[in-house]
């Protein structure tokens with residue numbers, strides 16, 4: 001029963017926060033953009049709702065206890081944190097650099113007769129182009145997941 005009331009309070013907090021932001025007509029811009037950097041408040045709320053929803057599903061299957069709900073929040077948010085970190089590494093071009101270095105290493109270690117055929121191959125003569133794409137969901141996933149990890153750890157240590 002306690003877990004159900006906590007879940008209801010979480011979703012009421014989300015709804016109230018969303019309504020408060022819409023109450024200010026002159027700064028309705030906050031809903032769409034907080035900064036010029038493209039941080040969207042809606043995306044943070046969507047990720048928060050998805051992660052808490054998955055934690056509720058985890059708690060329903062493992063037993064309706066507060067500890068199971070906190071374990072679910074921790075597990076889901078750690079998975080979200082890993083996904084966010086991989087998205088950040090991919091968008092910053094870490095895999096582009098590794099792929100380029102593997103191609104160059106393969107070229108250096110190849111026998112002389114194969115190097116001659118590699119010189120004609122356009123894949124081995126590519127210049128290094130580092131990916132600099134920024135994805136809209138990277139920061140919301142990272143920050144919401146990190147916040148939920150910290151909150152769940154504090155709540156677990158306080159409840160034990």
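Quick notes on this structure:
- In a fully extended conformation the segment linking residue 156 and residue 135 would gain 4.3 nm over its present Cα-Cα distance, using 0.36 nm per residue.
- Residues 143, 61, ranked from the fewest to the most other C-beta atoms within 10 Å, line up as 61, 143.
- Given their separation in residues at 0.36 nm each and the Cα-Cα distance between them, residue 64 and residue 46 gain 4.1 nm when the chain is fully extended.
Only the coordinates and a few stated rules stand behind these numbers; no lab work does. These numbers come from a predicted model, not from an experiment. So basically every Cβ, Gly included, is an ideal-geometry build from the backbone, and we count neighbours across all protein chains shown.
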